[in-house]
Ligand code: PLP
């Protein structure tokens with residue numbers, strides 16, 4: 001948490017000692033620096049602006065010579081704790097909180113690219129991300145080349161000297177095929193570009209930085225918040241990508257930037273141990289893109305996400321245990337034609353699951369009903385516990401029939417390419433009692 005000139009060091013609580021991501025999800029990033037008895041829970045700093053302590057300190061903040069707060073579009077103490085805490089959970093050097101997952105992806109990639117540049121992306125993506133990359137980025141003059149992650153070499157083969165990063169999702173849905181993180185990260189390094197990974201489906205279960213990812217993005221709306229109560233997004237920087245060693249590929253970070261008084265982001269002179277100094281990449285995103293486009297996270301929403309983050313490790317375990325039981329149950333059912341669940345995969349897919357997810361098969365299950373589209377609609381309507389919602393990542397179990405909702409606008413051939421058939425159902429398995437969940441599934445399968 002950045003320092004304030006009004007801090008009273010004697011009032012600080014003794015530093016918390018912890019060594020694991022699980023403890024970091026509760027304690028990470030929170031150090032009280034105001035002169036009153038420290039609140040146990042991170043307070044909500046619901047303010048648009050901060051009173052600047054002196055002319056010199058104000059100039060230092062605006063010149064990037066010192067950490068501090070001026071205006072909540074750029075940073076806010078409640079959002080700072082969320083950034084620091086999730087960075088601690090994932091083993092990142094620093095984080096940036098924004099208004100939604102879409103904002104996180106957009107800023108993470110725009111921070112690296114300008115018109116004429118390109119990105120090589122996995123073609124297994126959330127639909128909203130696909131639209132952002134294929135349509136909106138194309139209008140900005142940024143080309144996105146989509147490749148199958150099934151063969152990691154596809155990423156290098158699609159690249160050229162204007163490629164600025166590789167992008168993918170750790171566990172895209174509905175295919176639920178685990179991304180080959182280590183292989184693609186190595187190829188990215190060979191080319192001199194970072195691997196940016198969307199780890200929305202697997203926070204805490206998979207820590208992509210441990211496997212070589214350079215930048216990680218989240219829709220915190222999903223499992224990090226965990227209660228379906230707010231939108232939010234996060235960008236985390238591993239701090240391990242050497243921008244200066246690949247300066248030709250990353251002129252936006254390594255040459256003077258007119259968007260901030262000609263600063264060279266990799267040479268700001270900020271203390272490398274400070275939250276802002278640890279990541280030139282996120283400092284640039286904050287001080288140019290977040291400043292100019294404005295998708296900042298509200299302090300209240302940051303607080304809701306912090307509440308969720310405190311139980312993330314417990315919830316992800318409970319989601320995984322329930323999802324495994326649900327998938328195994330569905331596999332045996334006569335009205336179910338097939339089930340996709342990474343925790344029950346075999347062969348190469350099982351090896352990827354084990355390497356990246358350990359013994360947690362993840363929270364999502366996709367299955368296909370034998371009765372096709374009509375059966376899908378009947379199934380959804382017969383549910384009495386599981387909610388019919390196109391969201392995921394809630395403590396409540398949620399079911400979607402993609403062919404009549406999220407994928408309804410796509411031609412059938414494109415639905416099939418995305419892994420959606422007329423009888424497909426996606427379950428975001430919640431943490432309710434497993435017997436209640438299985439009873440609801442039985443009831444709905446009976447009606448399908
Ligand atoms: N990334 C993935 C994998 C998602 O599933 C979603 C939303 O469903 C997003 C990003 C976008 O997140 P948000 O809805 O918070 O903007």
Among what's in segment 249-260 and is in contact (Cβ under 8 Å) with a residue 12 or more places away in the chain and out of contact with any strand residue (DSSP E or B) (no Cβ under 9 Å at 6 or more places or on another chain), pick the residue that is farthest from residue 112 (Cα to Cα). 260
State whether the residues of segment 352-362 include one that is within 16 Å of the ligand (Cβ to nearest atom), crowded, with 16+ Cβ neighbours inside 10 Å and at positive phi. yes
For segment 179-194, how many residues are within 16 Å of the ligand (Cβ to nearest atom) and within 13 Å of residue 214 (Cβ to Cβ)? 1
One residue from 315, 291 being buried (at least 20 other Cβ atoms within 10 Å of the Cβ) and assigned to a helix (DSSP H, G or I): 315
Which is surrounded by fewer than 23 Cβ atoms within 10 Å (Cβ to Cβ) and within 16 Å of the ligand (Cβ to nearest atom), of 219, 298, 274? 298
Out of segment 222-247, which residues are more than 16 Å from the ligand (Cβ to nearest atom), in contact (Cβ under 8 Å) with a residue 24 or more places away in the chain and in a loop (DSSP other than H, G, I, E, B)? 238, 239, 240, 241, 243
Only one of these conditions is not met by residue 55: (1) within 16 Å of the ligand (Cβ to nearest atom); (2) within 22 Å of residue 263 (Cα to Cα). Which number is it? (1)
How about segment 117-141: which of its residues are without any contact (Cβ under 8 Å) to a residue 12 or more places away in the chain and more than 15 Å from the ligand (Cβ to nearest atom)? 135, 138, 139
Residues 112, 96: which one is outside any helix (DSSP H, G or I) and away from the ligand (no atom under 16 Å from the Cβ)? 112
Being closer than 12 Å to residue 170 by Cβ and either away from the ligand (no atom under 13 Å from the Cβ) or surrounded by fewer than 24 Cβ atoms within 10 Å (Cβ to Cβ) (or both): is that true of residue 205 here? yes
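Residues are listed down the side, and each one gets a yes or a no for (1) at pLDDT 95 or above; (2) within 16 Å of the ligand (Cβ to nearest atom):
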residue: 397; (1), (2): yes, no
residue: 402; (1), (2): no, yes
residue: 407; (1), (2): no, yes
residue: 416; (1), (2): no, no
residue: 420; (1), (2): no, yes
residue: 429; (1), (2): yes, yes
residue: 435; (1), (2): yes, no
residue: 438; (1), (2): yes, no
Assess whether residue 252 counts as being more than 16 Å from the ligand (Cβ to nearest atom), over 30 Å from residue 315 (Cα atoms) and not in a loop (DSSP other than H, G, I, E, B). yes
Condition first: closer than 19 Å to residue 69 by Cα and assigned to a helix (DSSP H, G or I). Now tell me which residues in segment 266-280 satisfy that. 280
Just the residues that are surrounded by fewer than 19 Cβ atoms within 10 Å (Cβ to Cβ) and closer than 17 Å to residue 292 by Cβ, please, taken from segment 65-98. 70, 71, 73, 74
Given (1) more than 16 Å from the ligand (Cβ to nearest atom); (2) at positive phi; (3) in contact with a strand residue (DSSP E or B) (Cβ under 7 Å, 6 or more places away or on another chain), number of the condition residue 176 does not satisfy: (1)
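The values are calculated or read from the model by the stated rules, or taken from the named source; none is laboratory data. All of these numbers come straight from a predicted model, not from anything done at the bench. FYI the Cβ positions are ideal-geometry reconstructions off the backbone, even for glycines, and counts take in every protein chain you see.
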